[in-house]
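Colleague: First the structure, which I've put down as structure tokens, then a few questions once you've had a look.
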Amino acid sequence: MTETKKNKRWKLVLNIATVIALAVLCYLIRDEIVQTVENVQRVNIYALLLIIPLQALNYNAYARMYVRLFGLLGNKISRKDMLKVTLELNLVNNVFPSGGVSGFSYFGVRLKRLGVSTGKATLVQTMKFVLLFVSFEILLAFGLLFLALGGQASNMTILVASSLATFLFMATAGAAFLIGSEKRINSFFTYVTQQINRLIHLARRKHPETISVDRVQKTFKELHENYVILKSDYRKLVAPALFALLANVSEVLTLYVVYIAFDQWVNPGAIILAYAIANFAGLISVLPGGIGIYEAIMTAVLVTAGIPASVSIPVTIMYRVLNTTVQLVPGYYFYHKALREDPVIETLHE
């Protein structure tokens, strides 16, 4: 089979796989979609329309954060290109969930066309999560303050918030410790790669090294070198950090306007806390977008913060359905446009 025919076959397979994944996603949330349609008749449509500009602000913030981070590493990328990649990335992370692993892989392959090495792409994605974690801690502090002022900061709420803040701090410090030493990062990821290869070898007996250890070592050596560049002048990270904070704030506001649409002016601290915890819990879900886990966790947290389930459940469902629709529609378009224009992306799925 010629290379051209192989490429065409992969494009067909990927298009079919994406459509099926989206269909499965819609099927899994079919009851929520029906409830949302029914609830639309009882809510303030004008308030719901605020979701669109807030999501536009959210993705613009992500794109600008990426542009600044790549700029610090010597790669000039236009905000327009990064906005497209950001939308594509959201689709990949939702339709092909794997705790963010799919996004890391796609991001590295996609950015090659823009002249970005795998090491730099990996570092920027890592820095994105670090900056989001840091801004989460800032939001959590304000969330607890709002709850305390409203007399809703129970012992359970404080315990949950402080536990999450501690986890975020430890995760950030752990990542910095690991990446900060070439020896540590090389030893750690070499060991991880070897163990993954051993597991794969159980199914693919003729392939003892599916993932090249040498390639992994080269990639993470470059990641460490680029990290040193960023660390040399940490003040340059202020702007990307502010954009990360703006991305989180705009997402929290998106959820809050749905409450306003239901004529529920709840304590914003409860929204901040629920949003943070639900997003982290959703990372461990094997279902697209953390369906089920996300809604359950968010509702439970909101109840502990004093918001009745009868209020939080319909709001959470509508937020998830509308927000997912606003995000995935443009993401689907740009993802398949990139697939048609850039054959290199197909190597991600080979």
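Colleague: Counting only protein chains, not ligands or nucleic acids, how are SER312, SER78 ordered by accessible area (probe 1.4 Å), most first?
Modeller: SER78, SER312
Colleague: Sort TYR332, TYR191 by heavy-atom solvent-accessible area, probe 1.4 angstrom, most to least.
Modeller: The most accessible residue leads, giving TYR191, TYR332.
Colleague: In nanometres, what is the gap between the two model label sites at VAL238 and GLN195, each 7 Å from Cα along Cα-to-Cβ?
Modeller: Simple spin-label model gives 4.1 nm for this pair.
Colleague: Would you mind telling me the share, in percent, of accessible area of the stretch 106-265 contributed by carbon and sulfur at probe 1.4 angstrom?
Modeller: For the stretch 106-265, the apolar C and S fraction of the accessible surface comes to 65 percent.
Colleague: Quote the FRET efficiency, to the nearest 0.05, computed for TRP265 versus ALA171 with a Förster distance R0 of 51 Å and r equal to the Cβ-Cβ distance.
Modeller: After rounding, the FRET efficiency stands at 0.90.
Colleague: Also, I was wondering about something else. So how much accessible area does ILE307 have, in Å² to the nearest 10, using a 1.4 Å probe?
Modeller: Ignoring ligands and nucleic acids, ILE307 comes out at about 10 Å².
Colleague: Ok, one more. Pull out the extension gain between ILE52 and ALA141, defined as 0.36 nm times the separation in residues minus the alpha carbon to alpha carbon distance; nm, one decimal.
Modeller: That works out to 29.3 nm of additional length.
Colleague: Still on this structure, please answer the following. If you look at just the Cα atoms of the stretch 125-196, how large are its Rg and its Dmax in Å?
Modeller: Calculated on Cα positions, Rg and Dmax stand at 16.7, 52 Å.
Colleague: Something else: Got a number for the accessible area of ARG184? Probe 1.4 Å, square angstrom, nearest 10.
Modeller: My reading of the accessible area for ARG184 is about 90 Å².
Colleague: At 1.4 Å probe size, with no ligands or nucleic acids counted, give the accessible surface of VAL134 in Å², nearest ten.
Modeller: Rounded to the nearest 10, the figure is 70 Å².
The values are calculated or read from the model by the stated rules, or taken from the named source; none is laboratory data. Quick caveat: nothing in here was measured; it's all calculated off a predicted structure. Reconstructed Cβ throughout: ideal geometry from the backbone, glycine too, with neighbour counts over all protein chains shown. Only protein heavy atoms, including side chains, enter the accessible area calculation; ligands, DNA and RNA are left aside. Shrake-Rupley method; radii C 1.70, N 1.55, O 1.52, S 1.80 Å.
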